[in-house]
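Right, one structure below, let's go through it.
The values are calculated or read from the model by the stated rules, or taken from the named source; none is laboratory data. Being a predicted model, the structure only gives us computed values, none of them experimental. With ideal geometry, Cβ positions are generated from the backbone for all residues, glycine too; neighbour counts draw on all protein chains shown. Surface accessibility is based on the protein's heavy atoms, side chains included, excluding ligands, DNA and RNA. Shrake-Rupley method; radii C 1.70, N 1.55, O 1.52, S 1.80 Å.
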Amino acid sequence: MPKTLQQLHDEFLTECQYSGKLRPETIRGYRACFTLFAKLMEHITNPKQLNPTIMTEFFTRLEKRERIVGKKIVQTGVKNSTVATYRNKLDKFFKWLVERNHMKADPFKGIPYPSVLYSDRKYIKREDVEKIFTA
């Protein structure tokens, strides 16, 4: 009997944790991304079902889902950086599936990568540090 996508993801995480020696934060990130994917795409249980159309459907659902943030504020939509994060974390798993012959091709093949601009800098520019020291 073929393994489910969840069983394969559990194997992937075990390999990442013990053979790859990835940090616990990385493993948690992989698990969280896959958990949301499994929740939004509950009808996808077999790796052979994964393809670019399914991945586009996932990101559409991710964009349109309502969630509560802060003090019970309902919000929809996600930033490009969030899409990039989900894509990166899921892509590691999908490449693992291809390498182990659980599927033939990466389902992200042909899907453009989101353009990400990080404009919310959280560090002080060198010029500003120098101004502080000379003050």
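Quick one: compute the contact order of the chain, relative version, from alpha carbon pairs under 8 angstrom and 6+ residues apart, as a percent.
On the way: 93 pairs, mean separation 32.0, N = 135.
After rounding, I find 24 percent.
Hey, any idea what % of the range 38-87's accessible area is carbon plus sulfur with a 1.4 Å probe?
Carbon and sulfur atoms account for 52 percent of the accessible area of the range 38-87.
Which value results when the Cα radius of gyration for the range 31-105 is divided by 2.2 N^0.38 Å?
Working: Rg = 13.6 Å, N = 75, 2.2 N^0.38 = 11.3 Å.
Against the empirical 2.2 N^0.38 Å value, I get 1.20 for the range 31-105.
What does the charge count around L5 come to, taking other residues whose C-beta lies under 12 Å from its C-beta (Lys +1, Arg +1, Asp -1, Glu -1)? Walk me through the numbers on the way to the answer.
Working: positive: K3, K48; negative: D10, E11, E42.
Spelling it out: positives minus negatives among the neighbours equals -1.
Along the charge dipole of the chain, which of L5, F108, N80 sits closest to the positive end, that is, farthest toward it, with unit charges on the beta carbon of Lys, Arg, Asp and Glu (+1, +1, -1, -1)?
Final value for the positive-end residue is N80.
Quick check for you: with a 1.4 Å probe and neighbouring chains kept, what is the accessible area per residue of the range 26-127, in Å²? Could the numbers behind the result be given before it?
Working: 7110 Å² over 102 residues.
On a per-residue basis, 70 Å².
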